[in-house]
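Here's the structure, in C-alpha cells; my notes come after.
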Amino acid sequence: MKLLTAAITKKLLKNGVNRDKDHAPVVKFFGGGACTWLISEMDLEEPDILFGLCDLGFGTPELGSVSLTELQGIKFRPFGLGVERDLYFTGKHPMSEYADKAREAGRIVSSW
C-alpha cells in the first residue's frame, strides 16, 4: 500500500507552510502491533521529513519528526509486514489534544 496519496501529500504540504498552527492529523500510520504515527505536516524544503505524534510502543509517545523513507522501509518480524496507512482515520482534534491524551494513556488514542 502506498503510504501517501497525492491528496494527502497536498494537505501535509499545506500544513507545512503554517507550522505555527496546531493542525489536526492528516494521516495515521500503524504497524508492528504497537507502533502508531499521527502525521500533520510535511516539510516543504525536505518533503521526506514528516511531523507528528510518534508512538513506538514503549509508553512514551512524543511529538517530533520522522522520515517517510524510513517508514516505508520498516519491516516488522516475524512476517516482514510494513507500515500501513489507516484508510478510515480522520483527525478530529488539534495535534496538541492527541499529544495530551497520548501522554496520559501512555499510547496514542484516537477517540475520547
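What to note about this one:
- By the count of other C-beta atoms within 10 Å, a proxy for reagent exposure, 92, 28 are ordered fewest to most as 92, 28.
- Of the labelled figures (1) 12; (2) 27; (3) 17, only one reflects percent of Cα pairs over 26 Å apart as derived from the coordinates, namely (1).
- Considering only 17, 83, 66, the mean-square fluctuation computed in a Gaussian network model of the chain, springs between alpha carbons under 10 angstrom, is largest for 17.
- Cut-off under 5 Å, modelled amide H: who pairs with residue 63 long-range: 54
- Relative contact order of the chain, pairs being alpha-carbon contacts under 8 Å that are 6 or more residues apart, as %: 27 percent
- Length gained when the stretch residue 84-residue 65 is fully extended (0.36 nm per residue, less Cα-Cα span): 5.1 nm
- Amide hydrogen neighbours beyond the local backbone of residue 57, cut-off 5 Å, H modeled: 36
- For residue 27, residues with placed amide H under 5 Å, excluding near neighbours: 39
- Selection of GluC sites (Glu not before Pro), the range 9-112, meeting DSSP coil and at most 13 other Cβ within 10 Å: 45
Since every read-out is calculated from the coordinates, none of them should be taken as a lab result. This structure is a prediction, so every number in the text was calculated from the model and none was measured. Counting neighbours? That spans all protein chains shown, and the Cβs are built from the backbone with ideal geometry, glycine included.
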